[in-house]
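What follows is a single structure, written as C-alpha cells, with notes after it.
The values are calculated or read from the model by the stated rules, or taken from the named source; none is laboratory data. Just so it is clear, the model here is predicted, and its values are computed rather than measured. For accessibility, only protein heavy atoms count, side chains too; no ligands or nucleic acids. Shrake-Rupley method; radii C 1.70, N 1.55, O 1.52, S 1.80 Å.
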Amino acid sequence: QVQLVESGGGLVQPGGSLRLSCAASGSIYSISTWAWYRQAPGKERELVTSITSSGSTNHADSVKGRFTISRDNAKNTVFLQMNSLKSEDTAVYYCNANLRRSISDGVLPYWGQGTQVTVSS
C-alpha cells in the first residue's frame, strides 16, 4: 500500500507565500517523476509543475518565476514553494508520484488527497 499525504495548504493574501509538502509512504522502490496539479472550481485539473529523478523541472507558464518544485529523495517527499500568490492560484492542489513498488514492477501513478489553497484578501 502506498500513500501520499499532503500538507501546507490554507488561506493567504494576494502577494503572500505558501509551501506545500507531499510525503509518500509504504512499499516504494523508486520514484521517478513528482508533479503538482491543481483544480479550480468549474475547471479541469491542470499540471502546475513537475520534477524528474535527475532534478529537471517543468512549469506551467502561469506559475513560472513564482513557484518552485523540489524533492527530497531520502524522505520520498516533494515540496512546492509558492510565492507572489494571486487570486487565480486558488484551487485544490494535488501531488502526483510516478513510482515503482518493487524492482520488478512497472511505473504507476499515485495521487495525494488534495489540499486547498485560497488566495484572498
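Quick look at the values:
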{"read-out": "Accessible area of region 16-92 belonging to carbon and sulfur atoms, whole % at 1.4 Å probe", "value": "45 percent"}
{"read-out": "Region 101-118 - phi-based ³J(HN,Hα) in whole Hz, Karplus 6.51/-1.76/1.60, Gly and Pro as x", "value": "8, 8, 5, 8, 8, x, 7, 10, x, 10, 10, x, 7, x, 9, 7, 10, 10"}
